[in-house]
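The values are calculated or read from the model by the stated rules, or taken from the named source; none is laboratory data. Just so it is clear, the structure is predicted and the values come from calculations on it, not from any experiment. Counting neighbours? That spans all protein chains shown, and the Cβs are built from the backbone with ideal geometry, glycine included.
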Amino acid sequence: MRKDWWKNAIIYQVYPKSFLDTNGDGIGDIKGIEEKLDYLVELGVDGIWISPVYLSPQVDNGYDITDYRKIDPMFGENQDIYHLINKAHKHGIKIIMDMVANHTSEQSVWFKESRKSKDNFFSDFYIWRDAKDDGSEPNNWGSNFGGSAWEWDQSRKQYYLHYYAKQQPDLNWENPRVRQYIYDMMRFWKAKGVDGWRMDVVTSISKDQNFPNNPNPHKKPFVIGNQNNGPRMHEFIHEMNQEVLKPFSIMSVGESPDSTSEDAQLLVDPDREELDMIFTFEHMHVDRAKNGMNGRWDLQQMDLVKLKRILSSWQLNLRNHGWNALYFENHDRARTTSRWGNDKQYRYESATAFATILHGLQGTPFVYQGEEIGMTNSNFGIEDYEDIELTDNYRELVLEQKTISKADFLKAAHKISRDHARTPMQWSNAKNAGFTNGTPWFKVNPDYEEVNVANDQTKENSVFKYYQALIKLRHEDDILIEGAYELLYPEDSNVFAYKRTLAEKSWLVIANLSDKQLKIHDYLPQETEKDSQIILANYLDRTNAAGILRPWESMILELS
Ligand code: NOJ
């Protein structure tokens with residue numbers, strides 16, 4: 001087994017709450033993951049990233065952890081996950097757990113103690129500051145879920161910092177004890193067999209101890225600004241690497257909200273011994289208006305030229321510096337076919353076109369549950385949404401500040417709400433899409449009668465089969481792992497095309513990301529021969545590189 005096994009791996013993300021319920025309580029569970037291991041083997045993935053299953057009041061669906069070492073009863077028992085890890089290993093599948101160490105739940109014993117006084121063992125486990133003279137917050141930092149990032153605590157008579165909900169106080173990484181507690185927790189899970197960590201907002205762990213105000217162009221009461229990539233971030237991550245990641249050969253992928261590909265060079269340079277990969281957010285903002293006053297809710301038309309520029313900068317800047325993590329979907333992102341594709345007329349085609357683009361790049365692809373069958377966004381009304389990010393932002397922006405109308409907010413939510421990724425997995429056309437025999441905790445997308453695993457697997461035009469083929473290709477041919485990358489037609493606003501080259505061999509990855517009919521000839525590099533071999537294509541009648549590039553048509557071909 002190569003040490004950097006993740007370089008030719010494909011990792012599948014499970015959001016346990018919505019994956020499969022085996023005990024009829026309407027909530028997915030760990031046994032449900034185990035039950036679907038054969039399915040994941042059939043798909044061909046090498047590892048599973050499991051979103052948090054630890055004890056939690058679920059204010060932010062498990063990203064608010066009360067006890068890092070205990071499985072929440074809603075998902076099962078500790079024994080269930082130990083069993084799952086062993087069984088997954090027998091299937092040749094690695095387990096990557098979610099490490100949420102920027103913050104805990106307010107229910108954590110650490111926080112309960114910390115808020116009691118200024119001089120107990122846990123008092124410096126969190127970030128406490130006095131009020132300003134007028135009683136107001138220490139600075140204008142905003143929470144990602146709306147409002148101030150500071151919350152007043154009556155018992156301690158101080159404010160504490162929370163980058164997310166007020167029930168998610170940020171840990172104080174300046175305190176060496178906090179860091180040691182986290183490393184111990186990581187060792188605990190290593191002993192249970194965990195192979196890797198996905199690290200939640202790891203670039204937020206270090207805070208500028210001067211707590212300067214953020215620039216405030218729209219004169220808002222609180223603003224989200226320069227709160228990531230703090231001064232000691234690299235130092236803390238390197239320390240974690242030396243204490244746990246390196247000695248135990250644990251794979252790591254850090255979630256990195258504000259990182260550019262230049263920042264990434266530092267985070268994932270193997271010589272610096274920090275992380276193996278990071279999840280960038282940059283390419284996820286190609287449909288967000290720049291500097292809009294409503295943040296993620298100020299949408300614009302998706303800009304393909306920009307998407308190509310960003311993904312290419314990551315390909316080029318990390319080449320020979322470090323490794324990419326590749327994704328379009330996860331539990332925080334809406335469904336790509338609905339957001340950027342055509343989920344009506346060309347659902348299969350657009351799902352597979354985006355898959356082709358992503359899996360053709362250099363890096364480790366992550367597939368989010370349901371992405372492999374082309375699941376879509378739901379048609380929710382405001383009352384259907386459940387996610388705290390959306391509900392808090394709605395209250396603040398639509399109802400209180402009135403900086404965006406309800407109609408515009410809903411329009412944006414329909415495209416990008418995190419809830420679209422969290423509807424139950426659609427296994428079959430049975431009741432509740434085969435997700436549960438009980439009442440599902442969250443509405444099943446009504447399109448499940450058509451869009452479901454069982455149905456998709458029997459079709460000719462099957463998203464699942466296409467993913468299988470892509471995954472197989474990556475496992476079999478080093479060109480996708482090692483090949484050099486070159487973007488073609490950077491200014492074209494319909495087509496994403498690039499070359500991968502390894503030694504004498506060159507592959508063209510091309511996708512028409514539009515409803516238009518285009519001429520293939522216009523997009524082929526000059527050296528292409530008509531009889532170039534088709535390696536993979538999403539239109540099954542495609543036999544050569546000639547003719548019309550149909551709506552959302554994509555292919556990989558060997559240039560000869
Ligand atoms: C990123 C996670 O992916 C997201 O779901 C969560 O709300 C925040 N971090 C806070 O943990």
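Condition check: crowded, with 17+ Cβ neighbours inside 10 Å, hydroxyl-bearing (Ser, Thr, Tyr) and in a loop (DSSP other than H, G, I, E, B). Does THR356 satisfy that?
Numbers: crowded, with 17+ Cβ neighbours inside 10 Å: yes; hydroxyl-bearing (Ser, Thr, Tyr): yes; in a loop (DSSP other than H, G, I, E, B): no.
So THR356 fails the test.
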Original post:
For ALA351, are the conditions met, namely being among the aliphatic types (A, V, I, L, M), modelled with pLDDT of 95 or more and away from the ligand (no atom under 16 Å from the Cβ)?
Top reply: yes
**OP:** Output yes when any residue across region 526-536 is surrounded by 14 or more Cβ atoms within 10 Å (Cβ to Cβ), in contact with a Phe, Trp or Tyr (Cβ under 9 Å, 6 or more places away or on another chain) and closer than 17 Å to ALA351 by Cβ, and no when none is.
**Re:** yes
Original post:
For THR336, are the conditions met, namely being touching a Phe, Trp or Tyr at 6+ places or on another chain (Cβ under 8 Å), more than 16 Å from the ligand (Cβ to nearest atom), in contact (Cβ under 8 Å) with a residue 12 or more places away in the chain and within 25 Å of LEU20 (Cβ to Cβ)?
Top reply: yes
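Out of the residues in region 134-183 that are among the polar types (S, T, N, Q) and outside any loop (DSSP other than H, G, I, E, B), which is nearest to the chain's Cα centre (by Cα)? Give the steps one after another, and end with the answer.
Filtering region 134-183 for residues among the polar types (S, T, N, Q) gives 136, 139-140, 143-144, 148, 154-155, 158, 167-168, 172, 175, 180.
Checking which are outside any loop (DSSP other than H, G, I, E, B) leaves us with 148, 158, 180.
Numbers: SER148: 25, GLN158: 34, GLN180: 27 Å.
Only one residue fits best here, namely SER148.
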**OP:** Could you check region 1-96 for helices (runs of 4 or more DSSP H) lying wholly inside it with 3 or more residues that are within 28 Å of TYR466 (Cβ to Cβ) and in contact (Cβ under 8 Å) with a residue 40 or more places away in the chain?
**Re:** 37-43, 78-90
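Looking at region 184-203, which of its residues are under 30 Å from LYS90 (Cα atoms) and in a helix (DSSP H, G or I)? Give the derivation first.
To start, the set of residues in region 184-203 that are under 30 Å from LYS90 (Cα atoms) comprises 184-200.
Hits for region 184-203 are ASP184, MET185, MET186, ARG187, PHE188, TRP189, LYS190, ALA191.
Given the residues PHE145, PHE121, PHE125, which is the only one that is modelled with pLDDT under 95 and either out of contact with any strand residue (DSSP E or B) (no Cβ under 7 Å at 6 or more places or on another chain) or away from the ligand (no atom under 16 Å from the Cβ) (or both)?
Working: PHE121 fails: modelled with pLDDT under 95; PHE125 fails: modelled with pLDDT under 95.
Going through PHE145, PHE121, PHE125 in turn, just one is modelled with pLDDT under 95 and either out of contact with any strand residue (DSSP E or B) (no Cβ under 7 Å at 6 or more places or on another chain) or away from the ligand (no atom under 16 Å from the Cβ) (or both): PHE145.
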Subject >> Failed item in (1) under 16 Å from ILE357 (Cα atoms); (2) assigned to a loop (DSSP other than H, G, I, E, B), with ALA546 passing the rest >> reply: (1)
Original post:
Does region 368-377 contain any residue that is β-branched (Val, Ile, Thr) and either away from the ligand (no atom under 16 Å from the Cβ) or modelled with pLDDT under 95 (or both)?
Top reply: yes
**OP:** With the checklist (1) assigned to a loop (DSSP other than H, G, I, E, B); (2) surrounded by 17 or more Cβ atoms within 10 Å (Cβ to Cβ) in hand, flag the one item LYS308 doesn't pass.
**Re:** (1)
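So is ARG179 among the basic types (Lys, Arg), more than 16 Å from the ligand (Cβ to nearest atom) and closer than 30 Å to THR280 by Cβ or not?
Working: among the basic types (Lys, Arg): yes; more than 16 Å from the ligand (Cβ to nearest atom): yes; closer than 30 Å to THR280 by Cβ: yes.
In short, yes.
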**OP:** Of all residues in region 57-107, count the ones that are within 20 Å of VAL253 (Cα to Cα) and within 16 Å of the ligand (Cβ to nearest atom).
**Re:** 14
Original post:
If LYS219 satisfies every condition in (1) at positive phi; (2) more than 23 Å from the chain's Cα centre (by Cα); (3) modelled with pLDDT of 95 or more but one, which is the exception?
Top reply: (3)
